[in-house]
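Below you'll find the structure, written out as structure tokens, and then a few comments.
The values are calculated or read from the model by the stated rules, or taken from the named source; none is laboratory data. What you see is a predicted model, and the numbers here were worked out from it, not measured in a lab. Quick reminder, even Gly has a Cβ in these numbers, built from the backbone with ideal geometry, and neighbours come from all protein chains shown.
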Amino acid sequence: MSQSRQLAAIMFTDIVGYTALMGEDEQKAFELLKKNRSVQRPIIEKFNGRWLKEIGDGVLASFPTVSDAVYCAATIQKTCENEPDLKLRIGIHLGEVIFESNDVFGDGVNIASRLEPLAPIGGILVSESVSRNIENKKGIKIEFLREEMLKNVKHPVKIYQIEVEGVEVADTIPKTSSNRKFLNQIKIGLTAIGGLVFLGLAYIFYDNSSNTKGIAGTESEIDDKSIAVLPFVNMSNDPDQEALCDGLTEEIIHHLSRIKSFDKVISRSSAMSFKNSDKTLPEIAGLLKVNIVLEGSFQKSGDQIKITTQLIDAINDNHLWSEIYERPFGDIFDIQSEIAKNIAAKFKAEITLEEEIRLDKKPTESSEAYILLKKGWYKFGPGDDDKGAIDLMKKALEIDPGYAEAYARLAYLFLFFDVGFQGDKSISLEDPMPLVQKALDLDPELGHAYMTLGAIHFWKEWDFLKAEKAYKSAVELDPKNSFSYILYSGFLIKMGRAVEAIPYRERAFALDPTSTYALGSLAEAYFYSRKKEKTTETLMEFESLFPNQYSQSGSVGQMYLYLDNLEKAIDILELRLERSVIPRYISCLAIAYAKNGQNQKALDLLDQLKQMSQEKVGGSPEYFTALFYGGTGQKEEALLWLEKAYNSHDTELTWLKVDPMFKPIHDDPRYQDLLKRVGFQE
């Protein structure tokens with residue numbers, strides 16, 4: 001192959017928002033690509049340019065002079081002003097390049113490709129070598145921006161922005177009647193064609209000795225150290241990879257959460273609520289109360305993975321940083337750590353040595369065990385297959401008996417099913433305590449293992465001192481886990497320390513702002529702190545933020561019952577019980593009916609609770625039968641059913657000290673004795 005070295009002006013252009021559009025609507029994306037060609041090719045030829053190639057949605061061209069390249073770029077941008085759906089960024093650099101078989105290589109190409117993503121929408125950025133050659137050209141305004149180290153470029157590059165006056169729209173460009181505005185979607189998509197194109201981009205523009213490709217950001221520092229990681233898009237043809245894709249999102253959130261200098265990292269549940277959302281990035285950022293979001297895609301083919309990431313200032317529509325990682329799947333732990341560190345660097349977020357050690361620590365040496373765990377956790381959540389979840393997690397432990405996270409997650413599942421919150425009742429349950437202890441033996445800094453340990457001490461053992469110690473450890477080790485805050489604050493409420501619980505519940509909602517559970521829990525904290533006005537305000541906020549869930553939220557219905565707003569309580573609880581039969585809400589609705597004079601309806605629900613108790617289904621029907629009797633002033637029956645709840649070691653007895661429905665029996669010695677037996681001190 002013949003090679004030639006030349007000094008050339010290299011121009012690289014790129015369509016703003018194209019990758020997101022490709023993930024949303026391939027047909028529109030291909031139409032936009034055709035329009036891009038029709039706009040740029042004749043202009044490049046008019047200015048003596050050489051159309052080298054398309055790379056994804058980018059165009060690479062070379063020019064014999066800097067003036068030709070700059071005037072061409074200005075004409076392209078001016079012409080695009082009449083094309084509302086075609087927005088470009090352009091970078092230009094003058095340097096020595098190698099031409100070989102209609103291809104081009106070298107630093108000239110690399111630097112141009114690095115400058116392009118730094119440009120504002122509709123803007124042109126150039127290097128110092130370009131600036132020097134046009135500084136005396138009439139009609140060209142040059143503004144120095146900054147000096148910056150660009151990835152895989154040895155020396156810092158001075159970056160300039162240019163504007164060219166007197167440029168007219170090219171008359172060779174076919175006009176289009178299209179006036180569509182493409183939405184800025186939250187997904188980053190690469191189709192099979194797009195994936196091949198990006199492989200070409202990787203080969204041409206990035207150092208072949210590295211398997212990580214990056215583009216420097218537009219800002220040197222981000223003041224607000226708050227971020228949301230949106231659900232990564234599964235670009236694999238295999239839907240079975242969805243679990244790994246979701247797992248990647250979760251792990252990046254977890255890694256960022258471990259960096260204390262971040263003010264806020266939005267929780268997994270709020271982030272995942274925007275999966276497949278059609279909301280724009282500014283809308284999502286507004287709902288989550290952050291400015292910065294990370295979005296990305298995941299693709300697995302055989303043992304190889306491709307992960308793309310983009311850090312975006314969603315409010316101002318600024319692209320801050322992006323990376324493409326193409327590596328063996330076994331490198332996924334290193335990639336997760338690198339992503340967290342790169343984002344931290346962009347935020348100027350300090351990472352301590354201790355935090356860096358945690359970030360770099362591999363949870364397992366077995367990628368197969370990791371895959372099984374992620375697929376198991378997916379089955380527990382979106383997959384709604386509890387038995388399948390347990391089986392996969394056990395297989396993960398068979399492959400790697402030293403996998404601490406697998407022990408912790410399995411312990412959580414067994415506890416979750418055992419206490420009656422949900423789950424397939426045919427599952428053979430195991431004692432979660434040995435599992436969580438094994439997890440902590442292997443990794444004493446596993447925050448969510450302490451969360452499960454605290455729940456075991458609290459719900460199953462009624463050992464309140466040990467429970468608080470474990471909950472505190474969970475919060476300290478995982479300070480951005482909203483669920484840990486909710487569990488610990490729930491403990492404080494039940495201990496009669498509700499005022500202490502408020503800041504934890506407020507923090508939980510800040511981390512999980514789309515969670516009805518988090519906001520309902522905050523209302524609960526205000527109620528038990530005797531802040532009636534704040535409780536009502538929070539319930540009104542719930543109705544405003546979550547109008548669709550409001551009418552079917554059992555916790556909101558219970559709060560209205562406790563506030564003596566019977567009409568609202570009945571309306572909400574009736575709708576909630578149409579979805580599923582839950583003893584807590586059966587009892588609350590029965591109390592509301594009784595207080596509202598609808599006695600027969602109340603008795604029918606009471607019979608349903610007693611039947612559930614006989615059949616041992618539903619979780620805690622004895623306690624909630626006692627709750628009905630307490631709430632309707634029937635002391636003897638309330639005490640009788642509380643004793644039954646005690647004999648069945650009902651976990652709901654942890655509410656015994658503070659639940660207002662038992663106020664009529666507070667002075668009874670039998671109630672006081674029961675408090676002591678459950679573990680409450682004077």
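Checking Tyr646 against (1) part of a loop (DSSP other than H, G, I, E, B); (2) touching a Leu at 6+ places or on another chain (Cβ under 8 Å); (3) not small (Gly, Ala, Ser): exactly one of these is not met. Which one?
(1)
Look at the stretch 576-594 and say how many of its residues are among the basic types (Lys, Arg) and surrounded by 17 or more Cβ atoms within 10 Å (Cβ to Cβ).
2
When Lys534 is evaluated against the numbered criteria (1) more than 28 Å from Leu415 (Cβ to Cβ); (2) surrounded by fewer than 21 Cβ atoms within 10 Å (Cβ to Cβ); (3) assigned by TED's automatic domain parsing to the domain that holds Glu615, which criterion, by number, is the only one it fails?
Only one criterion in (1) more than 28 Å from Leu415 (Cβ to Cβ); (2) surrounded by fewer than 21 Cβ atoms within 10 Å (Cβ to Cβ); (3) assigned by TED's automatic domain parsing to the domain that holds Glu615 is unmet by Lys534, namely (3).
Identify the single condition in (1) in a helix (DSSP H, G or I); (2) touching a residue at least 40 places away in the same chain (Cβ under 8 Å) that Gly330 does not satisfy, given that it satisfies every other one.
Tallying (1) in a helix (DSSP H, G or I); (2) touching a residue at least 40 places away in the same chain (Cβ under 8 Å), Gly330 fails exactly one: (2).
Go through the stretch 336-357 and give me each residue that's among the charged types (D, E, K, R) and either closer than 20 Å to Thr308 by Cβ or buried (at least 18 other Cβ atoms within 10 Å of the Cβ) (or both).
If the condition is that a residue be among the charged types (D, E, K, R) and either closer than 20 Å to Thr308 by Cβ or buried (at least 18 other Cβ atoms within 10 Å of the Cβ) (or both), then Glu338, Lys341, Lys346, Glu355 are the ones that fit.
Taking helices (runs of 4 or more DSSP H) that do not extend beyond the stretch 503-571, which have at least 3 residues that are without any contact (Cβ under 8 Å) to a residue 24 or more places away in the chain and touching a helix residue (DSSP H, G or I) at 6+ places or on another chain (Cβ under 9 Å)?
The helices (runs of 4 or more DSSP H) meeting that bar are 532-545.
So which residues in the stretch 104-140 are over 40 Å from the mean Cα position of the chain (by Cα) and not in a helix (DSSP H, G or I)?
Passing the criteria: Glu135, Asn136, Lys137, Lys138, Gly139, Ile140.
Would you mind telling me which numbered condition in (1) within 15 Å of Glu251 (Cβ to Cβ); (2) buried (at least 20 other Cβ atoms within 10 Å of the Cβ); (3) without any contact (Cβ under 8 Å) to a residue 40 or more places away in the chain; (4) not small (Gly, Ala, Ser) Asp360 fails?
(2)
Determine if the stretch 11-22 includes at least one residue that is surrounded by fewer than 17 Cβ atoms within 10 Å (Cβ to Cβ) and in a helix (DSSP H, G or I).
Within the stretch 11-22, none of the residues are surrounded by fewer than 17 Cβ atoms within 10 Å (Cβ to Cβ) and in a helix (DSSP H, G or I).
Considering only residues that are under 23 Å from Glu148 (Cβ atoms) and in contact with a Lys or Arg (Cβ under 8 Å, 6 or more places away or on another chain), look in the stretch 311-335 and name the one that is surrounded by the most Cβ atoms within 10 Å (Cβ to Cβ).
The residue in question is Leu311.
Name the single residue that is surrounded by the fewest Cβ atoms within 10 Å (Cβ to Cβ) among those in the stretch 41-81 being acidic (Asp, Glu) and assigned to a helix (DSSP H, G or I).
Only one residue tops the list, namely Glu45.
I'd like to verify a number: residues in the stretch 366-379 that are closer than 16 Å to Ala439 by Cα and more than 21 Å from the chain's Cα centre (by Cα), how many?
Looking only at that region, the number is 1.
Any residue in the stretch 83-99 that is closer than 23 Å to Gly166 by Cα, at pLDDT below 90 and not assigned by TED's automatic domain parsing to the domain that holds Gln310?
yes
Only one of (1) crowded, with 17+ Cβ neighbours inside 10 Å; (2) in a loop (DSSP other than H, G, I, E, B); (3) of a type outside the set (Ser, Thr, Tyr); (4) touching a residue at least 60 places away in the same chain (Cβ under 8 Å) fails for Lys275. Which number is that?
Every listed condition holds for Lys275 apart from (4).
Out of the residues in the stretch 141-159 meeting the condition of being modelled with pLDDT under 85 and either surrounded by fewer than 15 Cβ atoms within 10 Å (Cβ to Cβ) or not assigned by TED's automatic domain parsing to the domain that holds Glu81 (or both), tell me which one is nearest to the chain's Cα centre (by Cα).
For the stretch 141-159, the residue satisfying everything is Met149.
Among what's in the stretch 612-632 and is part of a helix (DSSP H, G or I) and more than 42 Å from the chain's Cα centre (by Cα), pick the residue that is surrounded by the most Cβ atoms within 10 Å (Cβ to Cβ).
Step by step, filter the stretch 612-632, then rank; the result is Gly630.
When only residues in the stretch 269-283 that are under 22 Å from Ala344 (Cβ atoms) and modelled with pLDDT of 90 or more count, which is nearest to the chain's Cα centre (by Cα)?
Selected residue: Ala271.
Consider Lys663 carefully, then state whether it is without any contact (Cβ under 8 Å) to a residue 60 or more places away in the chain, in the same structural domain as Ser587 (by TED's automatic domain parsing) and at negative phi.
yes
Looking only at residues that are surrounded by fewer than 21 Cβ atoms within 10 Å (Cβ to Cβ) and aliphatic (A, V, I, L, M) in the stretch 493-514, which one is nearest to Leu453 (Cα to Cα)?
Met495
Which numbered condition in (1) assigned to a loop (DSSP other than H, G, I, E, B); (2) in contact with a Phe, Trp or Tyr (Cβ under 8 Å, 6 or more places away or on another chain); (3) surrounded by fewer than 18 Cβ atoms within 10 Å (Cβ to Cβ) is the only one that Pro84 fails?
All conditions pass for Pro84, except number (2).
Restricting to the stretch 233-251, give me the number of residues that are touching a residue at least 60 places away in the same chain (Cβ under 8 Å) and farther than 18 Å from Phe483 by Cβ.
10
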